[in-house]
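What follows is one structure encoded as structure tokens, with my remarks underneath.
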Amino acid sequence: MERISTGIEELDRKLSGGYPANKVTLITGIAGSGKTIFGIHFIYKNCLEGRKCMIIATEETPEDILYQASLLGRDLTPYYKSGQLIMENILENRSEMIGQTRYGFKPESLDIEIPNLIELIHEGTECLVVDNIGTFALRVSTKKLRDQFDALNYLVRKRGCTALLIMDESAYNITHQLAEYSVYGSIRLLVRENSYLGKMERYLSIPKMRSTPISPEMSLFEITSEGINIRESGGGSLA
Ligand SMILES: Nc1ncnc2c1ncn2[C@@H]1O[C@H](COP(=O)(O)OP(=O)(O)O)[C@@H](O)[C@H]1O
Ligand SMILES: [Mg+2]
């Protein structure tokens with residue numbers, strides 16, 4: 001199976017080369033666990049490799065994303081300027097469309113449903129990040145949500161995209177972790193106290209990755225000014 005680099009060397013190694021090409025991988029975790037930064041690694045690496053990339057964001061503006069990326073030593077600006085990287089902020093566009101100021105805008109009027117996201121994806125997009133798909137998941141029934149996820153997965157694959165769907169922990173839990181069933185792979189980010197050392201640590205686990213041999217061990221990682229740094233799993237650090 002073809003793989004597309006995650007932009008994180010150690011993660012590529014764990015995933016037999018990267019995210020499965022032309023499939024959907026889900027990333028979940030609490031606020032601040034590093035989800036958006038995983039997205040930035042993926043997009044930056046694939047911009048470098050000449051792929052057409054797109055970020056559909058609900059919480060951050062393109063400027064926010066460019067700034068965060070630059071702080072991690074990943075300058076996305078040239079790719080954004082050249083059009084190789086396209087960024088859409090859905091909340092902003094919607095608020096302009098319905099003629100309201102940003103301050104008067106209510107998220108409840110965001111009536112885009114998950115399969116409609118596909119219409120936003122530009123022709124020829126090879127790598128896609130949707131951050132945060134949880135925004136669309138909260139106002140539909142469980143049955144409908146399952147159908148919508150299946151439809152999105154089907155459509156993304158048909159388009160030939162390799163997609164990273166980012167979902168916040170609360171939407172993930174409220175929707176009974178349904179998203180996990182339709183996607184090809186899933187990565188969970190955790191922040192936990194290491195009571196031995198008396199400090200908080202970041203962990204990554206890969207509960208699901210079809211066609212990929214994966215160790216169930218959690219991996220410790222750090223976020224630094226150079227981005228995500230995954231420690232080689234020895235497994236012992238939670239002991
Ligand atoms: N240069 C940095 N050094 C250390 N930590 C950083 C750096 N940049 C960001 N972080 C950490 O990354 C976290 C945010 O990651 P982010 O991907 O935005 O989280 P999420 O999208 O899951 O809410 C912040 O809580 C911050 O602590
Ligand atoms: Mg985020």
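The values are calculated or read from the model by the stated rules, or taken from the named source; none is laboratory data. All figures in this text were calculated on a predicted structure; none of them were measured in a lab. Positions of Cβ are generated from backbone atoms using ideal geometry, with glycine treated the same way; all protein chains shown enter the neighbour counts.
Brief remarks follow.
- Within segment 103-135, being within 14 Å of ASN89 (Cα to Cα), at pLDDT below 85 and buried (at least 21 other Cβ atoms within 10 Å of the Cβ) holds for one residue alone: LEU117.
- Residue count for segment 141-153, restricted to those that are modelled with pLDDT of 90 or more and either hydroxyl-bearing (Ser, Thr, Tyr) or in contact with a Gly (Cβ under 8 Å, 6 or more places away or on another chain) (or both): 0
- Yes/no for SER33 being touching a Leu at 6+ places or on another chain (Cβ under 6 Å), modelled with pLDDT of 95 or more and either over 18 Å from GLY160 (Cα atoms) or hydrophobic (A, V, I, L, M, F, W, C) (or both): yes
- Summed over segment 32-76, residues that are within 11 Å of ligand 1 (Cβ to nearest atom) and either among the β-branched types (Val, Ile, Thr) or closer than 26 Å to GLN177 by Cβ (or both) total 14.
- GLU226 meets all of the listed conditions (1) charged (D, E, K, R); (2) exposed (fewer than 12 other Cβ atoms within 10 Å of the Cβ); (3) modelled with pLDDT under 95 but one, namely (3).
- Checking GLY29 against (1) in contact (Cβ under 8 Å) with a residue 40 or more places away in the chain; (2) surrounded by fewer than 20 Cβ atoms within 10 Å (Cβ to Cβ); (3) near ligand 1 (Cβ under 10 Å from one of its atoms), the condition it does not meet: (2)
- Entry remark, segment 7-40: residues being among the aromatic types (Phe, Trp, Tyr) and within 16 Å of ligand 2 (Cβ to nearest atom) number 1 in total.
- Residues in segment 22-56 that are in a helix (DSSP H, G or I), over 9 Å from the mean Cα position of the chain (by Cα) and of a type in the set (S, T, N, Q): ASN46 only.
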